Amino acid sequence: MPRQPNPDFMAGVPELMILRLLQDREMYGYEIVQAVRAETGDVVSMGEGVAYTVLHALEREGALKSRRRRVEGRSRIYYTLTPAGLKRYQNLASNWLTLARAIQSVIKQDIAPAFQSFIHGGHHAAV
Amino acid sequence: MQPFENVREQLLKAGIAAGHVNRYVVELREHLADLTNRERANGADAREAANKACTIMGSDAQLVQAMLDRSPPRALSVKAPWAVFGVLPVVAIIAVSWIVAMTMMQLMMPVMRLLPGQMPSGYQALLTAVTILTGYLVGPLLAALCIATALRQRLDTVWVWAGLGLIALFSGLFAFHASTGAGDPYRAVSLVSVNGHVDGAATLVLVAIRAGVLFAIATFAWRTLRNRQTATA
């Protein structure tokens, strides 16, 4: 049986980040985008508008729930993780860890030091 | 013009459900306001903060593409215009007429067997009011709904014209009607029907005139509002 190719590496990153962040507490779009930056030390920066398209898609698929809340005079749409979303996160995270370990095992002997300096040199990935 | 109106227009024209587009635009505006506040807090003046925030948000084309890439839900009026503008109004007209006729039959039970002159004036007024409401309100209301749906989704399809034509025709053909007095000398209410008085050539002409007038007014309103919407977009 032919093996399924891996999905585009970066395509699943916003989804993974959002699901992880919403595991802790409910958040609104702007908060999520800022939190992704802060949590990844600015290595991953999510396109400002992209967050909403991912949030809406996840909500349609039942991974998130949303509700409108009025906070400090402003009405905002807050998102929370559903049990289906938690399961989805666990699957995604597991796939990513497997993939990361596989890649690491290939590159660590030869170019890991160079890769580390590249990352710590302030380069970041936009998703 | 409010921010992201171009995004809204492009997504609606791409057939994305209006409710979904509205929410996206609302959230983008909230996000833009947050970014602007952040820039102001960082020392930028109002104009500079607004410009920086807009740049960070990305271009309208990028925001539209980001949404389209995620296969958002398409509007029913785009996926199945034949159902929304063709089938639904006709079914609604027939259903409303039928429900009104059945309700009126129940309400009229106590006076149906009275002689024409004995019917209390309240019942007569109720019959007249319901006949006028169903005969002259259901059609225009449905036509307004049809136009509102098309405008909301920025549709310009032949199905809107077809829908308005069907509403005009069927609202003339199907309407609550009660014959009082003249139909039967021994009964106050002799006939309750939903056939919109189609019982002779004269009434057929009346139905045609009513349908024609409603169609003319509705299509005029539709074209006028559509042109105004296009001009302001």
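Read-outs: derived from the displayed coordinates by stated rules, not from any lab. This one's a predicted model, so the numbers in the text were calculated from it and none came from an experiment.
Some observations on this one:
- Cα point-scatterer Debye curve for chain B, base-10 log of I(q)/I(0) at q = 0.07, 0.13, 0.15 Å⁻¹: -0.40, -0.85, -0.99
- Under 5 Å, built H, 5+ apart or other chain: amide partners of A:S45: A:A125, A:A126, A:V127
- When only Cα pairs below 8 angstrom with a gap of at least 6 residues are kept, the stretch B:5-68 shows a relative contact order of 39 percent.
- Computed log₁₀ I(q)/I(0) - Debye formula, equal Cα scatterers, no solvent, the stretch B:5-68, q 0.15, 0.16, 0.22, 0.25 Å⁻¹: -0.49, -0.54, -0.84, -0.98
- Once the Kirkwood radius over Cα pairs is known for the protein assembly as shown, the Stokes-Einstein relation at 25 °C and 0.890 mPa s delivers a diffusion coefficient of 96 µm²/s.
- Alpha-carbon Debye profile of the stretch B:1-131, log10 I(q)/I(0) at 0.15, 0.19, 0.22 Å⁻¹: -0.81, -1.04, -1.19
- Each 5 Å bin from zero holds the following percent of Cα-Cα pairs in the stretch B:81-120: 6, 21, 15, 14, 12, 10, 8, 6, 6, 3, 0.
- Segment B:S59-B:R113, length gained on full extension (0.36 nm per residue, minus Cα span): 12.1 nm
- Percent RCO, i.e. relative contact order, over the stretch B:1-152, from Cα pairs under 8 Å lying at least 6 residues apart: 24 percent
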